[in-house]
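Only one structure is covered here, and it is reproduced in the block below.
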Amino acid sequence: MANDTNIFAELIAHCKEYGYIFQSSEIYDGLSAVYDYGQNGAQLKKNIRDYWWKSMTQLQDNIVGIDAAIFMHPTTWKASGHVDNFSDPMVDNKDSNKRYRVDHLIEGYAEALPEIDAKAVLVAMDALLAKDDYAGLKKLIEDNKIKCAISKTCNWTDVRQFNLMFSTAFGATAAENEGDNIVYLRPETAQGIFVNFLNVQKTGRMKIPFGIAQTGKAFRNEIVARQFIFRMREFEQMEMQFFIRPGSQMEWFNYWKAERKSWHESLGIPAEKLRFHNHIKLAHYADAALDIEFEFPFGWKELEGIHSRTDFDLTQHQTYSKKKLQYFDNDLNEQGKPIGNYVPYVVETSVGLDRLFLTIMSLAYNQEKWIKEDGTEDSRVVLKIPAKIAPTKLAILPLIKKDGLPEIARSLLDDCKGSFMCFYEEKDAIGKRYRRMDAIGTPFCVTIDHQTKEDNTVTIRYRDTMLQERIALADVKKLVLEKTTW
Ligand code: ATP
């Protein structure tokens, strides 16, 4: 684990050094739990998003995508339960005034215990959380003499709930965050789908079962924001709500459970690094729920949630908006009559784009060492990002900056750049250029040398194996397309 912690710190440094992720507003010392994606990070993030979007909206016959606004009518969040229920139990240390999420405080303490004791504490915590027993949680903290990391004291306030939604005000009023002008920054994208259920169903003439997919920003005022981009205050979700007949929810829950796990595997995530975790305490809207967890360098954590949300959300919006949100099912029942009107049930798949990005990066980041033929040691840092989502697909490198080699290289660039992301570079020794491409995860490098002028062949170098071979210049584009198209 100590080694994993070092590797994780090195991965974070690598993300900064190679233009993947920067701390937000770094020149002002940053903003806690907010990050910016740099030139390579933004492209990788877009490629992951596109991969998800295509598999949902293009490869499935009955799922369409929308893009709802971040601001929504405030009643949305009353109806969804977020105003009243979207909170975490917190506790403050009276000496340092530092606030902790109760589960994080106890989990942090348990990490340092022998396994058997840690398990006992965590089981006790889960049981108390499941009952919303705040006095019991406080007693658990006190009985175990859990201390604040800053004050080192065990002087705690009562456990209380804090809402995680950010709010702001519409219009030009002096008193912000008050009265009718209050609007929230959405804490999940799902509600933008629910309020548009009938718009999409009618205009798209969608027949149940069908899904609506969406990607977009969500905001949560996470109190303890840790572990780099794992838990942020501004993040991106990729959610899909699948509308189904009441009673068929377990069938679809199991379908999406299997489908989503194999989708992650299709991105090169090894099956043994993924597992299901069934929820014991269900959210107020769910009748079944599980997480797909990934083994991050800091342990097994949630990557995606799959929730059977029943008809909770549509029924709530129906009640609050006083508009019918029902579906007329023309299929025939046992008596040969149309099944008629009902509020559909929903199975949701919800994955964090940033968490998936971190998953891909933690698998991709490799430090390699080997002994060369002359007996000396060599090493490299390489990002083995799956070629189909790598930010740059092909580096085009003339061996030297003269003798007509740059001209040939530029004409290859012109031929390829309309089809995939290329990078052109003529500076530095070729070995150095290869290492830089390894570090940003470019799967293919092509070197144009003097032989190219004679026989129209180039050297192609493969990132993962470092193998090099000679291929026809005319075949480069086809080869890269074959290996990166999905
Ligand atoms: P957690 O228990 O880790 O706080 P959650 O159960 O609240 O997550 P959901 O509400 O189910 O998460 O959100 C769906 C997905 O959105 C999560 O699986 C995760 O990938 C992502 N997500 C949620 N909160 C954050 C966050 N603060 N930063 C980054 N991604 C997040």
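The values are calculated or read from the model by the stated rules, or taken from the named source; none is laboratory data. The structure presented is a predicted model; accordingly, all values stated were derived computationally and were not measured. Cβ coordinates were reconstructed from backbone atoms using ideal geometry, including for glycine residues, and neighbour counts include every protein chain displayed. Side chains included, ligands, DNA and RNA excluded: accessible areas come from the protein's heavy atoms. Shrake-Rupley method; radii C 1.70, N 1.55, O 1.52, S 1.80 Å.
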> Rounded to the nearest 5, what is the percent of antiparallel bridges among the DSSP beta bridges in region 392-484?
Replying inline: 55
> In this model, which of K54/K384; K257/K324; K54/K273; K257/K281; K46/K427; K45/K384 are farther than 21 Å apart at the alpha-carbon?
Replying inline: K54/K384; K257/K324; K54/K273; K46/K427
> Of all DSSP beta bridges located in the chain, what percent are antiparallel, nearest 5?
Replying inline: 85
> Would you list W77, W300, W252 from the most to the least accessible area, probe 1.4 Å?
Replying inline: W300, W252, W77
> If region 392-484 were replaced by its equivalent ellipsoid, with semi-axes equal to the square roots of 5 times the Cα gyration tensor eigenvalues, what would those be, largest first, whole Å?
Replying inline: 17, 15, 13
>> Can you pull out the chymotrypsin sites (Phe, Trp or Tyr not before Pro) in region 101-171 whose DSSP state is coil and whose Cβ has at most 16 other Cβ atoms within 10 Å?
In response: F170
>> Using DSSP H assignments, which helices in the chain have an axial alpha-carbon span of 20 Å or above and a mean Kyte-Doolittle hydropathy of 1.0 or higher?
In response: 115-130
> Are there GluC sites (Glu not before Pro) in region 376-464 that DSSP puts in a loop and that have at most 16 other Cβ atoms within 10 Å, and which ones?
Replying inline: E425
> Which of the aspartates and glutamates could be linked to K453 by a straight reach, that is with a Cα gap under 16 Å, when you skip same-chain ones fewer than 8 residues away?
Replying inline: D403, E407, D475
> Cα-based Rg of the chain per 2.2 N^0.38 Å, rounded to two decimals?
Replying inline: 1.14
> Where the centroid of each part is defined by its Cα atoms, how far is region 95-138 from region 16-91 in Å?
Replying inline: 29
> Relative to the Cα centre, what is the charge dipole magnitude of the chain, using +1 at the beta carbon of each Lys and Arg, -1 at the beta carbon of each Asp and Glu, and rounding to the nearest 20 debye?
Replying inline: 680
> Using a simple charge model, +1 on the beta-carbon of Lys and Arg, -1 on the beta-carbon of Asp and Glu, nothing else, what dipole does region 93-189 show about its Cα centre, in debye to the nearest 20?
Replying inline: 340
>> Below 14 angstrom from the Cβ of G404, what's the summed charge of the other residues (Lys, Arg +1; Asp, Glu -1)?
In response: -1
> What order, most packed first, do the peptides 135-145, 25-35 have when packing is the mean number of other Cβ atoms within 10 Å of each residue?
Replying inline: 135-145, 25-35
> With all pairs of different alpha carbon atoms counted, what Kirkwood hydrodynamic radius in Å does region 1-81 show?
Replying inline: 16.3
> Under a point spin-label approximation (7 Å from Cα along Cα-to-Cβ), what is the K207-I280 distance to one decimal in nm?
Replying inline: 4.4
